[in-house]
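Undergrad: Provided herewith is a single structure, encoded as structure tokens, for subsequent inquiry.
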Amino acid sequence: MRIRTKLPFQTFNDGICSIYAQENIGGKGNLPVLELREKAARVPFERRRAGIQRVHLARQEQARVEELLRIPAVFPVSTQDICILDGEKYGIHQVQIVPDAMPEAKDIALKRLDAKM
């Protein structure tokens, strides 16, 4: 007999961000010129608090996690992508699937990049 537990329902009502892929538009043999291509616009998110283990692991990798967002799992995202949040540009440091969320979700850890959008 399988026991069903009630999963916490995610609201994703803290704001909207956008996910961009970086593409090299510099010609073959030239220096790389990176351009942002929109992967997912208007991605709703829920702000999360980074746990001590996540912060400690990020410090070991000389990265500082500035934001932790939970987004719906239907949006494609990888650590090679860029997230634009409140006009700021963030690199995606880590992506984790949240197995016990309804609807399915991903947590993305963001580190601030120097350029503003």
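Undergrad: Below 12 angstrom from the Cβ of Ala73, what's the summed charge of the other residues (Lys, Arg +1; Asp, Glu -1)? Spell out each step's value before the answer.
TA: Values: positive: Arg70, Lys106; negative: Glu104, Asp107.
Net charge in that neighbourhood comes out at 0.
Undergrad: Once both labels are modelled 7 Å past Cα along the beta-carbon direction, what's the Ala41-Val74 spacing in nm?
TA: The answer from the label model is 1.7 nm.
Undergrad: Order Asp86, Asp14, most accessible first, counting only protein heavy atoms with a 1.4 angstrom probe.
TA: On the way: Asp86 120, Asp14 80 Å².
Largest accessible area first, the list is Asp86, Asp14.
The values are calculated or read from the model by the stated rules, or taken from the named source; none is laboratory data. As the structure is a prediction and not an experimental result, all values here were calculated from the model. When we count neighbours, we look across all protein chains shown, and the Cβ atoms used for this are built from the backbone with ideal geometry, even at glycine. Only protein heavy atoms, including side chains, enter the accessible area calculation; ligands, DNA and RNA are left aside. Shrake-Rupley method; radii C 1.70, N 1.55, O 1.52, S 1.80 Å.
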